[in-house]
Structures are given as structure tokens and as C-alpha cells.
Amino acid sequence: ELCAWACPADAIYVEGADNTEDARFSPGERYGSVYQINYLRCILCGLCIEACPTRALTMTNEFKLGDTTREKMIYTKERLLAPLLPGMEAPPHPRRLGNDEKTYFLGLPKTGTPDTRTPSAQEAR
Ligand code: SF4
């Protein structure tokens with residue numbers, strides 16, 4: 001819920017819930033059972049992206065935001081989730097870029113250099 005706390009426009013609404021062994025939606029202890037972004041409020045500042053420790057958020061090239069009702073401008077989790085593309089692994093799965101903060105955040109390759117730390121990249125070698 002760090003994204004919601006970071007948002008200066010109060011555009012994000014999150015209800016967290018606990019993962020269990022029978023119902024697991026993410027590798028961590030908790031997941032967002034309800035997640036909404038109100039694009040009537042969002043100023044596209046990107047602070048939610050900066051705040052996210054798991055890189056769950058990103059900007060897109062969709063810059064023409066508009067619709068016929070105010071309700072349609074509140075995007076739910078189902079509408080916000082990007083589809084899995086061919087070759088992508090369905091969640092939940094463990095973190096792939098390092099299991100601790102140091103390797104996850106500081107072990108990134110230089111810009112333009114392939115990331116060879118993921119299992120799929122190592123298999124492709
Ligand atoms: S980009 Fe939008 S949702 Fe994200 S922190 Fe800024 S105002 Fe809030």
C-alpha cells in the first residue's frame with residue numbers, strides 16, 4: 001500500500017489481504033485484494049511507481065485518458081493488470097531479480113546490457 005501513501009492526489013485505493021498457502025496471489029505476506037486508481041484525480045506524477053518495492057507499477061504510453069462517465073475513470077485491478085505475453089510466467093512466483101533488497105535493487109545491469117540474472121536468461125545461454 002506504499003503507492004497509496006505516496007500519492008499526492010489520493011488517487012489510489014487499496015485493500016490489502018493476507019496470502020495463505022491455499023490462496024496465494026503474490027510471493028509476500030500480503031496482496032492487494034482491491035486495487036483502484038481514480039484517473040479523475042491522478043496527475044501522472046509517477047510517485048506511486050517510485051514507492052513500489054516490487055515494481056508492480058509502470059507508466060504506459062496511454063496519455064489520452066477520457067470516458068463517458070466518472071465511474072469508468074476509476075480503473076479496477078482487473079483493468080489495470082497487464083496481460084501475460086507468450087513466454088511470461090503466470091504469478092504467483094518467487095522474485096526473479098534477487099531475493100534480498102541489495103541484489104534486487106542494486107544488482108541491475110547497466111542500461112542497454114542484457115539482464116543475465118534471471119533463470120530464463122541463464123537457460124538461454
Ligand atoms: S501517478 Fe497518479 S496515482 Fe500515481 S502517485 Fe501520481 S497522482 Fe497518484
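What follows draws every value from the coordinates through simple rules; no lab data is involved. Bear in mind that the values here come from a model prediction, so they are computed numbers and not experimental data. Counting neighbours? That spans all protein chains shown, and the Cβs are built from the backbone with ideal geometry, glycine included.
Gain on full extension, evaluated as 0.36 nm per residue between Lys64 and Ile43 minus their Cα-Cα distance, stands at 6.3 nm.
Working ranking of peptides 50-57, 62-69 by packing, defined as the average number of other Cβ atoms within 10 Å per residue, highest first, is 50-57, 62-69.
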